[in-house]
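Derivation of every value follows stated rules applied to the coordinates shown; laboratory data play no part. Since we're looking at a predicted model, the values are computed, not measured. Here the Cβ is made from the backbone with ideal geometry for all residues, glycine too, and neighbour counts use every protein chain on show.
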Amino acid sequence: MSVSETALPASATVGVIGAGTMGAGIAQVAARAGHRVRLFDADAKAVERGRAGIEKELRGLVAKGKLDAGECERTLARIAPAAALSDLADCALVIEAIVEDLEVKQKLFRTLEGIVRADAVLATNTSSLSITAIGAMLAQPQRLVGMHFFNPAPRMKLVEIVSGVQTDARIAERVAATAQRWGKHTVFARSTPGFIVNRLARPFYAEAWRAYTESVADPVTLDAVVRDCGGFPMGPFELMDLIGHDVNLAVTRSVFDATFGDRRYAPALAQVELVRAGRLGRKTGQGIYDHRDGAAKPEPQVEPGADPVARIVAVGSLGLATPIITRLEAAGIDVVRVQGQAGAAGWLEIGPARLMLSDGRPATRRAVEEGHRHLVLFDLALDYATTPRLGLAPADQCGSAAFRTVCATLARAGFACSRLDDAAGLIVLRIIAALVNEASDAVAYGICTADAIDDAMRYGVNYPRGPMAWAEAVGLDYFARVLANLREHYGEERYRTSVLIQRRGWTQRGFRE
């Protein structure tokens, strides 16, 4: 059946419970799609504030020429306050967006079940609670489904459609079709801690905290490398400051507790300390960064370099990092190409130094194992042809003059070189490897499909490339080696390699086959 045949008709009334930022946003989305909306909150003044916020948002769109004034008025006219839950009796769909408390949600839906008609769909906007648990007390748990919007709901494209153990597949399909008719991109997921986005995003924060704890670089430099090299719209620390460390930590703890203490999701003590200090981010004026008026804006570290060379030697293939050579040649540097050993990683000889892509081993250890003192490792990047920055880590044995020569030479090709302390996997690589690993487990455990993962991470948190697309672009064998090296270095289950990566690696098949 088509979306138009499956989705709720525009004539259907939609109820929204909870008039806070999320509930009001959902009401706005439904009303713009043509539905009459009844907005309820236990606090009547919250409904007034919510509707006022909707009106401000819509009139702002009119002022920017993004919405017709007549449609603005019609949308506002479709949203009516509900004085009591009983006013939702004729709603075809009721979406709950209240406090993240299991007992409170269970009580609400038990009450609603006695009010709404038998064919009404009940949906929860929970971001972390079990759909199965919420519906466990219902007489008809099959009609309860997760409909997880992202904040701000009117602007964010993604809606996760989450099914509990007893959710009727036809109900999930109908809600998905309805959300698509509202202009959203939907992905299906099985009810599991964090669903897709909140579960898969944990390594983005966790690996940044580990690098911070190990003093790999200061936060602003780590953010700059992740942003400029990884292609992410924001670095992990600036994003956590925006979200609020209390909120971010609460989600991490929720997933950690729900997975019975899986160390992969362990909270970072450094973030716990920030929350204890009341440094929650932008909303309190201080977090990782100082957001108070007049505070100096920190700048990422850039190695100035000295004594660039006019000629380098490229040994073997740099693979995905080959554009580094192209940029050096375009900058007027003579590149001598030498055939490398078949199957071995290539490198650049820049003065006395050897420049190689990280494989998850620290540079100091790798320098010993490969017999080259002046070894410098560079971090993973989304696109080496355009990245304005490279994260570099010299081995402890590497002379400072040799490292400065590498940085000065790369600077001629437009690379701002940020020095990272010698740590396993640097920063972008360890984040991407952990994301790929987490995504692989989600597919292996039947939580969702590979396509759903990439769509969810691109539309839900604006990742430049989904984890599965990273795996396909860079190669499973590479990530398998990186994860194995991280696990050997740290001796932790945190970096255990997903069975799906191992299985696909053995058969040389992709995730979507």
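Projecting the Cα atoms of Val62, Gly146, Ala7 onto the charge dipole of the range 3-191, computed from C-beta unit charges around the Cα centre, puts Val62 farthest toward the positive end.
With both residues required to sit in the range 3-191, DSSP beta bridges show an antiparallel share near 15%. Scattering from the range 56-158 was approximated by placing one identical point on each alpha carbon and applying the Debye formula without solvent; log10 I(q)/I(0) at 0.12, 0.19, 0.25 1/Å stands at -0.51, -0.99, -1.31. In summary, the range 199-316 shows an alpha-carbon radius of gyration equal to 1.28 times the 2.2 N^0.38 Å reference for compact globular proteins.
Mean silhouette area of the chain, derived from the convex hull of its C-alpha atoms and averaged over all directions, reads 26.4 nm². One chain, two ends: Asn151 and Lys56. Fully extended at 0.36 nm per residue, the span grows by 32.5 nm beyond their Cα-Cα distance.
Please find the FRET efficiency linking Ala344 to Val302, where r is the Cβ-Cβ separation and R0 is fixed at 41 Å, and quote it to the nearest 0.05. With R0 = 41 Å, the Cβ-Cβ based efficiency is 0.85. Compute the distance from the alpha-carbon center of the range 32-53 to that of the range 352-392, in whole Å. When both Cα centres are located, 55 Å separates them. How many nm is it between the label spots at Lys64 and Val336, if each spot is 7 Å from the Cα in line with the beta carbon? Result for the modelled spin labels: 5.6 nm. Sorted fewest first by neighbouring Cβ atoms within 10 angstrom, Met240, Met137, Met234 come out as Met137, Met234, Met240. Over the range 3-191, the hull volume per residue, using the convex hull of the C-alpha atoms, is 100 Å³. Among the lysines of the range 3-191, pairs that are 8 or more positions apart or on different chains and have alpha carbons within less than 25 Å of each other number 13. You can think of it this way: the chain between Thr386 and Ser86 has 102.2 nm of extra reach, that is 0.36 nm per residue less the Cα-Cα gap. Label zone (Lys283, point 7 Å along Cα-to-C-beta; backbone nitrogen cut-off 13 Å) within the range 86-112: 100. Note that the range 311-419 shows a convex hull volume over its alpha carbon atoms of 91 Å³ per residue. Database note for the chain: Cys without another Cys beta carbon under 4.7 angstrom, Cys72, Cys91, Cys229, Cys398, Cys448.
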